[in-house]
There are 2 protein chains.
Amino acid sequence: MTNRTTDTGLHNVFLHRWSPRAFDGSDMPDADLATILDAARWAPSAMNYQPWRFLYAKRGDENWARFLSFLLPGNSVWAVNASVLLYVISETVMGERPSRTHSFDAGAAWGMLAIQASMLGYHSHGMAGVDFAKVAEELGVPENFKVEAAIAIGRMGDPSTLSEALQAREIPSTRKPRAEIAYPGNFRS
Amino acid sequence: MTNRTTDTGLHNVFLHRWSPRAFDGSDMPDADLATILDAARWAPSAMNYQPWRFLYAKRGDENWARFLSFLLPGNSVWAVNASVLLYVISETVMGERPSRTHSFDAGAAWGMLAIQASMLGYHSHGMAGVDFAKVAEELGVPENFKVEAAIAIGRMGDPSTLSEALQAREIPSTRKPRAEIAYPGNFRS
């Protein structure tokens with residue numbers, strides 16, 4: 001639970017999902033990782049094309065240090081204590097044609113993944129602070145795929161393990177009022 | 001519930017969410033629509049920029065016929081019986097800079113929205129079969145925003161209201177094996 005509130009019947013799992021930086025350095029059981037990835041697998045996508053791929057490393061495995069090294073320093077400093085690091089990749093073509101929805105579809109899969117992780121008591125933290133070109137090169141991502149984001153997943157840890165600057169940011173973020181992002185009819189600037 | 005099965009501890013809401021075409025033509029209470037949109041609102045995004053916008057029409061309101069007319073005929077033929085039509089729009093810049101994640105972030109918001117809709121007993125159906133240029137023009141979407149997708153939400157209806165061709169497709173879709181979309185280490189072609 002967080003100190004967030006809202007005025008609708010929103011399920012708590014959406015309201016209290018947030019993206020901490022303090023993780024406890026524990027390992028994730030394989031069964032939990034499979035469950036979390038399974039949520040992404042069942043996401044909807046245009047033509048059911050399923051353009052998403054999830055490359056992962058589990059803390060301490062043979063890929064862990066490499067996966068961590070692709071993050072920008074502002075992220076790797078705390079993500080080192082996560083349990084799993086993921087790179088989300090999407091296929092930019094549908095057969096011969098360019099895909100218009102590959103990033104949007106991969107984002108939906110990430111949304112599902114984040115909620116299932118929360119349901120299991122984990123926290124997930126998406127990151128765009130990534131050396132994307134290095135990920136593509138080092139992980140052999142083909143030209144017709146885009147590296148969308150990195151995701152750290154783990155159990156929340158003690159904020160005192162963070163720098164003072166990051167400790168100050170270790171609170172659930174707010175959101176724009178609903179009326180600014182969702183409304184009837186025409187676009188409002 | 002559907003006839004889908006999986007081999008993980010996946011929550012039923014992910015497994016049994018699917019995208020029907022037969023809706024029952026009922027109205028959606030405002031409180032439910034607010035709850036569903038609120039789930040999208042609380043999605044994560046890069047720098048918490050919240051690049052998403054959701055323009056909606058409720059069946060029979062002053063925007064309904066216009067919103068329906070932007071769908072390609074293969075979609076409008078069944079979406080006419082949904083309760084709400086949404087256009088998901090994302091901001092392609094973050095201040096002065098191009099945004100790398102606007103579609104991915106908007107997709108995460110769509111994923112949250114879809115799951116909250118399922119939790120309330122609704123079904124949602126994302127569509128890329130849309131006259132996107134017409135949406136942008138008719139709804140006044142500025143140049144630095146992209147129309148990502150349309151979404152129909154409603155209560156599931158009787159499949160016999162669909163054409164025979166669509167009735168034959170009115171079954172929950174399958175997915176690729178998990179090992180094809182999520183695995184450790186390097187990209188696998």
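The values are calculated or read from the model by the stated rules, or taken from the named source; none is laboratory data. Everything numeric here is computed off the predicted structure, so don't read it as measured data. Virtual Cβ from ideal backbone geometry, glycine too; neighbours counted across all protein chains shown.
Only residues that are out of contact with any Gly (no Cβ under 7 Å at 6 or more places or on another chain), assigned to a loop (DSSP other than H, G, I, E, B) and not polar (S, T, N, Q): list them for region B:1-22, please.
B:Met1, B:Arg4, B:Asp7, B:Gly9, B:Leu10, B:His11, B:His16, B:Arg17, B:Trp18, B:Pro20, B:Arg21, listed by residue number.
Name the residues in region A:31-54 that are hydrophobic (A, V, I, L, M, F, W, C) and without any contact (Cβ under 8 Å) to a residue 24 or more places away in the chain, would you?
A:Ala31, A:Ala34
May I ask you to list the residues in region B:8-51 that are farther than 23 Å from B:Val77 by Cα and under 13 Å from the mean Cα position of the chain (by Cα)?
The initial filter retains those residues of region B:8-51 that are farther than 23 Å from B:Val77 by Cα, namely B:8-16, B:29-32, B:34-51.
Answer for region B:8-51, where residues must be farther than 23 Å from B:Val77 by Cα and under 13 Å from the mean Cα position of the chain (by Cα): B:Ile36, B:Leu37, B:Ala39, B:Ala40.
Within the group B:Gly129, B:Gly111, which residue is free of Cβ contacts under 8 Å to residues at least 60 places away in the same chain, closer than 27 Å to A:Ala40 by Cα and in contact with a Gly (Cβ under 6 Å, 6 or more places away or on another chain)?
Answer to the check: B:Gly129.
Which residue out of A:Val141, A:Val135, A:Val88, A:Val147 is in a loop (DSSP other than H, G, I, E, B) and either more than 7 Å from chain B (Cβ to nearest Cβ) or in contact (Cβ under 8 Å) with a residue 12 or more places away in the chain (or both)?
On the way: A:Val135 fails: in a loop (DSSP other than H, G, I, E, B); A:Val88 fails: in a loop (DSSP other than H, G, I, E, B); A:Val147 fails: in a loop (DSSP other than H, G, I, E, B).
None of the other options fit; the residue is A:Val141.
Could you figure out which of (1) at pLDDT below 95; (2) closer than 30 Å to B:Ala165 by Cβ isn't true of B:Tyr87?
All conditions pass for B:Tyr87, except number (1).
Of all residues in region A:19-45, which are within 8 Å of chain B (Cβ to nearest Cβ) and more than 22 Å from B:Thr6 (Cβ to Cβ)?
Listed by number, the list holds a single entry, A:Ser19.
So which of A:Gly121, A:Gly60 is more than 10 Å from chain B (Cβ to nearest Cβ), under 17 Å from the mean Cα position of the chain (by Cα) and not in a strand (DSSP E or B)?
Only one candidate qualifies: A:Gly121.
Among the residues of region B:82-101, write down those that are touching a helix residue (DSSP H, G or I) at 6+ places or on another chain (Cβ under 8 Å) and not hydrophobic (A, V, I, L, M, F, W, C).
Across region B:82-101, the qualifying residues are B:Tyr87, B:Ser90, B:Glu91, B:Thr92, B:Ser99, B:Arg100, B:Thr101.
Give just the number: which of (1) more than 7 Å from every other protein chain (Cβ to nearest Cβ); (2) in contact with a Lys or Arg (Cβ under 7 Å, 6 or more places away or on another chain); (3) crowded, with 22+ Cβ neighbours inside 10 Å does B:Ile115 not satisfy?
Condition not satisfied by B:Ile115: (1).
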